[in-house]
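This report concerns only the one structure given below.
Every number in this text was worked out from the coordinates using simple rules, so none of it is lab data. Not measured: the values here are computed from a predicted model. Every residue, glycine among them, receives a Cβ derived from its backbone with ideal geometry; neighbour counts consider all protein chains shown.
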Amino acid sequence: MTRPLIGITTHATDAPHRAALDRLRDQIIYEVERAGGLPVVIPAGLREPTLRGLFERVDGLLLSGGGDVDPVLYGAAPGALTAGVDVARDQAERDLARWSLNAAKPIFGICRGIQVLNVACGGTLYQDISECVGAQRHTFYPDLPFDLRAHPVEIKARSQLGRIVERATLEVNSLHHQACREVGVGLRVVARAPDGLIEALEAPDHPFALAVQWHPEALPEMVETQALFGALVAASTQMRRVA
């Protein structure tokens, strides 16, 4: 059977912390390949017709990590701690997320990816976790190792995420300073950190639309990581069959 094409979004060549983002992207590519998919990197800065053409060719989409989402997209003024905004990438990934939802095409978001998916559905973000009263510090990758499991997350039992990882709790490497605030239309919260911050969202009415706030690609030894990428590839394989 032909292996499914998985489109992976990426950062611009001049993005802050590029070396770290390159490493995470390479780990995503490895995990997609290991799960049986054909990874296709979608370059930043493509014109809309080219982006649309690529989207129509891939069987599944993965929104990778990176800088902060432009607050203008969710009706807020940029705060002092918002950084690394890439307007062109924001627009492209918001379009890709919406196209995936409308076409029932599998989509998986990681870190920034959960925030993009939420904003694409009309949700909002905390521009910095310090805005959330009672929030604990969630590690940020320039300071600490990628594989530091900062805290557990509690996963809803009756969720796609719960069925995939087969766990009620999971220790994760949550490497971020922003987080989802108001949840977008059509999404539901399926995992939270002990301080209540959202750690995973999914679209119940979509065949496979799931996003997590942590970086599973940086925890390759975890069976749950392999299960997540395997689920994306399986859903994308089914999309290829239907097409």
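Worth a mention:
- Options Ile129, Gly184, Val69, ranked by Cα towards positive dipole end of segment 69-228, top entry (Cβ charges): Gly184
- Candidates Pro216, Pro204, Pro49: whichever shows maximal mean-square fluctuation once the chain is modelled as a Gaussian network with Cα springs under 10 Å: Pro49
- Simple point charges give the picture: +1 on the Cβ of Lys and Arg, -1 on the Cβ of Asp and Glu, and for segment 5-242 a dipole about the Cα centre of about 620 debye.
- Environment charge at Asp70 (Cβ cut-off 9 Å; Lys +1, Arg +1, Asp -1, Glu -1): -3
- Per DSSP, loop trypsin sites (Lys or Arg not before Pro) in segment 1-107 with at most 12 further Cβ within 10 Å: Arg47
- The fewest-to-most ranking of Ser130, Ser174 by surrounding Cβ atoms within 10 Å reads Ser130, Ser174.
- For the pair segment 162-183 / segment 28-58, the C-alpha centres are spaced 24 Å from each other.
- Structure remark: mean-square fluctuation, Gaussian network model of the chain, C-alpha springs under 10 Å; the largest value among Val223, Val85, Val212 belongs to Val223.
- Under a Gaussian network description of the chain, with springs only between Cα atoms under 10 Å, the residue in Gly36, Gly184, Gly79 that fluctuates furthest is Gly79.
- In plain terms, the chain from Ala104 to Arg34 could stretch by 22.8 nm, reckoned as 0.36 nm per residue minus the Cα-Cα distance.
- Estimated distance in nm for a label pair at Arg47 and Glu182, the labels positioned 7 Å out from Cα along Cα-to-Cβ: 3.7 nm
- FRET efficiency estimate (nearest 0.05) - Cβ-Cβ, Ala83 to Thr13, R0 30 angstrom: 0.95
- Here the chain carries DSSP beta bridges of which approximately 50% are antiparallel, counting only pairs with both residues inside.
- Label assignment, percent of Cα pairs over 26 Å apart derived from the structure, set (1) 44; (2) 34; (3) 30: (3)
- Full extension of the chain segment joining Arg149 with Glu166 gains 4.3 nm, where the gain is 0.36 nm per residue of separation less the Cα-Cα distance.
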